[in-house]
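Below is one structure, written out as structure tokens, with a few remarks after it.
The values are calculated or read from the model by the stated rules, or taken from the named source; none is laboratory data. Just so you know, these numbers come straight off a predicted model, no measurement behind them. For neighbour counting, all protein chains shown are included, and Cβ atoms are generated from backbone atoms with ideal geometry for every residue, glycine included. Keep in mind that these areas ignore ligands, DNA and RNA; they rest on the heavy atoms of the full protein, side chains included. Shrake-Rupley method; radii C 1.70, N 1.55, O 1.52, S 1.80 Å.
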Amino acid sequence: MRQAGRYLPEFRETRASQDFFATCRSPKLCCELTLQPLRRFPLDAAIIFSDILVVPQALGMEVVMVPGKGPTFTEPLKEVEDLLKLRQKVDVTAELGYVFQAITLTRHSLEGKVPLIGFSGAPWTLMSYMIEGGGSTTMAKAKSWLYRHPEASHRLLRLLADVITDYLVGQVAAGAQALQLFESHAGHLGPELFQDFALPYIRDIAQAVKSKLKEEALPLVPMIIFAKDAHYALRDLAHAGYEVVGLDWTIRPQEARAQIGKHVTLQGNLDPCALYAPKEKIGELVKKMLESFGTQRYIANLGHGLYPDMNPEHVGAFVEAVHAHSRHINKHS
């Protein structure tokens, strides 16, 4: 999950004078924001600071960050004809080269201390933003496309999958050592729509990225899929071509392991709101989580991102508890 954020005073200070997406387009600032959490906490990896909506921007859409509202598309997709306004061929180096530069700069700055993770939004999640024009509690406009315009929906999802593939390969070429795909709006779909409009593209991206990495003699880095609230699809995700499946906090670790099997690594899944608890309670919750997942094929993490009003000391307590309890469990297993 994203490590940098408004919960850190140094993040707020760095970002104070800059528009959000202008910050995303500055390799120097992205590098600085990526490194900030690592200066505070003994994290085991770094996640490049960026945003999933840089992909729709690369397709020619304008996205602005509106204070108090969040990301907003000035002209969302309304009719099928609007697809013609999108770039049908995207040169990711030309459009998203600033992300690649940020990755390379950060990779050098890390000096091998921890690996660097790159990421992208997945096709359905990006499509839903592009049609809704921003966040939505129902995704009704985007879902109506799936029912009313299935062919056009597939055209858009295929276009997104192709751009995402090139984008992720470019991130590895720039120095990313693992990749995460965020299908953050999976929970709005349900089993049938997910099977038709999300899973095929999630699979295709994993297959195409690995194939292109081989062709270009680039490292075959581990890939992580996080499909929020998609418990109904865990078995499918386990066979979608990813080394790691991320989990949100609404599923029991034992249930997830039973569905996914022993050959795929699990990542997650503490409720981010647990970090509002006293530090001692955070330690207890982490201990319970680690004991439930076990020490094999498991990456301790939150089940989603951090919130702006969280106390950095409580984030530190979480990281500390993960390391302390992991050492204890490994020692006695």
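Below are the figures for this structure:
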{"read-out": "In the stretch 17-64, residue farthest from THR104 (Cα to Cα) [restricted to those that are aromatic (Phe, Trp, Tyr) and outside any helix (DSSP H, G or I)]", "value": "PHE41"}
{"read-out": "Counted residues, the stretch 61-76 - those being of a type in the set (D, E, K, R) and free of Cβ contacts under 8 Å to residues at least 40 places away in the same chain", "value": "2"}
{"read-out": "Flag if PHE11 is within 18 Å of the chain's Cα centre (by Cα), part of a helix (DSSP H, G or I) and in contact (Cβ under 8 Å) with a residue 12 or more places away in the chain", "value": "no"}
{"read-out": "The stretch 64-99: number of residues that are open to solvent by less than 20 Å² (accessible area, probe 1.4 Å) and of a type in the set (Phe, Trp, Tyr)", "value": "1"}
{"read-out": "Condition met for SER17 (hydroxyl-bearing (Ser, Thr, Tyr) and surrounded by fewer than 17 Cβ atoms within 10 Å (Cβ to Cβ))", "value": "yes"}
{"read-out": "Residue within the stretch 111-126 that is under 21 Å from the mean Cα position of the chain (by Cα), farther than 30 Å from PRO191 by Cβ and crowded, with 20+ Cβ neighbours inside 10 Å present", "value": "yes"}
{"read-out": "Any hit, the stretch 152-163, residues being open to solvent by 10 Å² or more (accessible area, probe 1.4 Å) and touching a strand residue (DSSP E or B) at 6+ places or on another chain (Cβ under 6 Å)", "value": "no"}
{"read-out": "Flag if GLU192 is within 23 Å of GLU151 (Cα to Cα) and open to solvent by 50 Å² or more (accessible area, probe 1.4 Å)", "value": "yes"}
{"read-out": "Residue count for the stretch 195-222, restricted to those that are open to solvent by 20 Å² or more (accessible area, probe 1.4 Å) and among the hydroxyl-bearing types (Ser, Thr, Tyr)", "value": "1"}
{"read-out": "Set LEU33, LEU53: member being within 17 Å of the chain's Cα centre (by Cα), over 19 Å from LEU181 (Cα atoms), in contact (Cβ under 8 Å) with a residue 24 or more places away in the chain and open to solvent by less than 40 Å² (accessible area, probe 1.4 Å)", "value": "LEU33"}
{"read-out": "Hits in the stretch 230-256 - residues which are within 16 Å of the chain's Cα centre (by Cα) and open to solvent by 60 Å² or more (accessible area, probe 1.4 Å)", "value": "GLU243, TRP249"}
{"read-out": "Any chance ALA176 is under 25 Å from TYR98 (Cβ atoms), aliphatic (A, V, I, L, M) and surrounded by 18 or more Cβ atoms within 10 Å (Cβ to Cβ)", "value": "yes"}
{"read-out": "Qualifying residue in the stretch 153-171 (condition: more than 29 Å from ALA238 (Cβ to Cβ), of a type in the set (A, V, I, L, M) and in contact (Cβ under 8 Å) with a residue 60 or more places away in the chain)", "value": "no"}
{"read-out": "The lone exception for PHE226 - which of (1) open to solvent by 10 Å² or more (accessible area, probe 1.4 Å); (2) in contact (Cβ under 8 Å) with a residue 12 or more places away in the chain; (3) closer than 30 Å to LEU110 by Cα it fails", "value": "(1)"}
{"read-out": "Residues satisfying the stated conditions in the stretch 257-276, i.e. surrounded by fewer than 16 Cβ atoms within 10 Å (Cβ to Cβ) and not in a helix (DSSP H, G or I)", "value": "GLY261, LYS262, HIS263"}
{"read-out": "Members of the stretch 303-316 that are within 27 Å of ASP229 (Cβ to Cβ) and open to solvent by less than 50 Å² (accessible area, probe 1.4 Å)", "value": "GLY303, GLY305, LEU306, MET310, HIS314, VAL315"}
{"read-out": "Residue count for the stretch 111-140, restricted to those that are free of Cβ contacts under 8 Å to residues at least 24 places away in the same chain and not in a helix (DSSP H, G or I)", "value": "4"}
{"read-out": "Residues located in the stretch 141-179, provided they are out of contact with any Ser or Thr (no Cβ under 8 Å at 6 or more places or on another chain) and not in a helix (DSSP H, G or I)", "value": "HIS149, ALA176, GLN177, ALA178"}
{"read-out": "ALA58 vs. criteria in contact (Cβ under 8 Å) with a residue 40 or more places away in the chain and open to solvent by 10 Å² or more (accessible area, probe 1.4 Å)", "value": "no"}
